[in-house]
1. Could you please find all residues in the stretch 302-319 being under 18 Å from PRO434 (Cα atoms) and buried (at least 23 other Cβ atoms within 10 Å of the Cβ)?
2. Filter the stretch 85-120 for residues that are more than 11 Å from VAL201 (Cβ to Cβ) and within 22 Å of the chain's Cα centre (by Cα) and give the result.
3. List the helices (runs of 4 or more DSSP H) inside the stretch 1-120, counting only whole elements, that have at least 1 residues being modelled with pLDDT under 95, basic (Lys, Arg) and over 20 Å from GLY376 (Cα atoms).
4. Just for the stretch 274-301: of the residues that are open to solvent by 70 Å² or more (accessible area, probe 1.4 Å) and under 15 Å from the mean Cα position of the chain (by Cα), which one is modelled with the highest pLDDT?
5. Of all residues in the stretch 102-135 being over 23 Å from SER54 (Cα atoms) and aliphatic (A, V, I, L, M), which is most open to solvent (accessible area, probe 1.4 Å)?
6. Quick test for you: out of ALA149, ALA164, pick the one residue that is over 30 Å from SER103 (Cα atoms), aliphatic (A, V, I, L, M), in a helix (DSSP H, G or I) and modelled with pLDDT under 90.
7. For the stretch 357-391, which positions are surrounded by fewer than 22 Cβ atoms within 10 Å (Cβ to Cβ) and closer than 30 Å to ASP334 by Cα?
Amino acid sequence: MSPSGFLSRSRTIAPPSWSRWLVPPAALSVHLAIGQAYAWSVFKPPLESSLQLSGTQSALPFQLGIVMLGLSAAFGGTLVERNGPRWAMFVSMSCFSSGFLLSALGVATGQYWLVVLGYGFVGGIGLGIGYISPVSTLIKWFPDRPGMATGIAIMGFGGGALIASPWSTQMLSSFGTTTSGIATTFLVHGVVYAVFMTMGVLLVRVPPDGWRPRGWKPPAVTARPLITMADVSARNAIRTPQFWCLWIVLCFNVTAGIGILEKASPMIQDFFSGTATPVTLSAAAGFVALLSLANMAGRFVWSSTSDLIGRKNMYRVYLGVGALLYLAITIAGDNSKPLFIVCAMGILSFYGGGFATVPAYLKDLFGTYQVGAIHGRLLTAWSTAGVLGPLIINAIADGQKAAGRSGPELYTTSLYIMIGLLVLGFVANELIRPVHDRFHEKVEAN
């Protein structure tokens with residue numbers, strides 16, 4: 001059943017005087033909020049000490065949240081397309097904020113399962129619906145610059161932790177790290193994020209049917225071979241080899257980036273532990289901050305660049321140059337900290353750029369008809385990579401450490417695996433061709 005009243009799609013159609021530049025801020029208000037997920041680690045130590053949890057237990061809400069992000073995006077994508085961005089942003093706001101409120105109740109009463117249910121399950125649904133909520137709308141408002149438009153929004157998800165981490169830390173410092181202080185912090189998060197995300201609900205609009213930017217004409221198909229003027233449904237998209245090639249591309253690009261991101265602080269310390277100038281804990285924290293900035297900047301810079309050079313060429317850079325950067329780290333070993341840092345920042349910028357560029361790549365291949373729903377299904381590649389990347393890096397490092405090795409030797413094997421995955425992703429990208437006519441939606445004759 002479609003929503004009625006203020007949340008209905010018909011009430012979201014923009015009037016003639018509406019500026020399309022109000023839509024990116026609406027998307028940012030949602031993505032900056034749900035990007036808080038990357039700052040969950042701030043809550044781990046106080047939760048462990050106040051509720052007597054292990055590190056594995058304290059990670060459960062975040063892990064379940066990422067799983068639910070992928071699942072809700074995959075299964076809710078069609079609903080988002082049908083009901084419109086305002087409904088989707090409202091659902092995201094309701095779930096994400098309710099997740100914090102349930103978590104506050106769970107901590108206050110000592111019922112940790114409520115934190116897992118609230119932040120992980122309910123909040124995770126908010127993550128997935130919120131992540132895809134503005135995608136198709138931004139592409140329809142910015143057909144002339146789809147990479148830039150989606151890059152602005154998805155940059156917010158990467159940068160959300162830069163706001164949430166110091167803010168959450170300050171609140172825990174003010175309210176305390178007891179169960180009462182943590183519960184109050186969760187409560188404030190739930191209320192403030194609800195208000196902040198409501199800005200997106202109120203601002204977002206969809207363009208009228210047939211709307212185009214003034215003076216813009218669709219590019220000739222021959223100018224960009226992969227761009228289609230036809231539309232493909234989400235149901236048909238997953239039957240095409242193009243979808244699964246792009247699934248492999250996204251999965252392996254994310255695997256390569258998230259492997260470093262998840263292990264960044266101990267990895268740089270381990271790498272240079274045997275040198276005359278080992279990396280301190282504070283310096284490692286600075287390295288993590290640099291990677292976060294590279295992740296966020298890459299989402300905007302590289303996705304905008306894809307509007308100029310094309311999506312396929314952009315992924316050639318992500319995958320091909322990314323493999324070379326991994327190779328440089330492997331060969332250099334512990335001989336150069338600057339080289340290690342620069343290469344890692346490049347890899348993380350490609351990681352972020354891959355997320356931001358993929359909606360425009362989908363639009364080029366499958367049209368705008370159900371691009372949000374297709375994007376949701378493709379994000380299952382993220383869920384897979386979220387398990388695969390850390391597993392490769394951590395399992396091999398643990399095994400090498402048990403064998404008595406140290407320094408770069410802890411990571412050499414996993415780095416070569418990442419190079420191999422990026423090469424496979426490069427090949428999958430080369431195999432992408434225009435979608436066959438049989439998958440296109442039939443145009444009814446008048």
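The values are calculated or read from the model by the stated rules, or taken from the named source; none is laboratory data. This is a predicted model, so every value here is computed, not measured. Glycine also receives a Cβ, built like all others from the backbone with ideal geometry; neighbour counts cover every protein chain displayed. To get the accessible areas, we keep the full protein, side chains included, count just its heavy atoms, and leave off ligands, DNA and RNA. Shrake-Rupley method; radii C 1.70, N 1.55, O 1.52, S 1.80 Å.
1. SER306, ARG311, MET314, TYR315
2. Result: CYS95, PHE96, SER97, SER98, GLY99, PHE100, VAL116, LEU117, GLY118, TYR119, GLY120.
3. Those helices (runs of 4 or more DSSP H) span 44-51.
4. PHE300
5. Step one: of the stretch 102-135, the residues over 23 Å from SER54 (Cα atoms) are 125-135.
Narrowing further to those that are aliphatic (A, V, I, L, M): 125, 127, 129, 132, 135.
Working: ILE125: 47, LEU127: 6, ILE129: 12, ILE132: 1, VAL135: 5 Å².
Filtering the stretch 102-135 for residues that are over 23 Å from SER54 (Cα atoms) and aliphatic (A, V, I, L, M), the one most open to solvent (accessible area, probe 1.4 Å) comes out as ILE125.
6. Unique residue meeting the criteria: ALA149.
7. GLY386, VAL387, LEU388, PRO390, LEU391 - these are the residues of the stretch 357-391 that are surrounded by fewer than 22 Cβ atoms within 10 Å (Cβ to Cβ) and closer than 30 Å to ASP334 by Cα.
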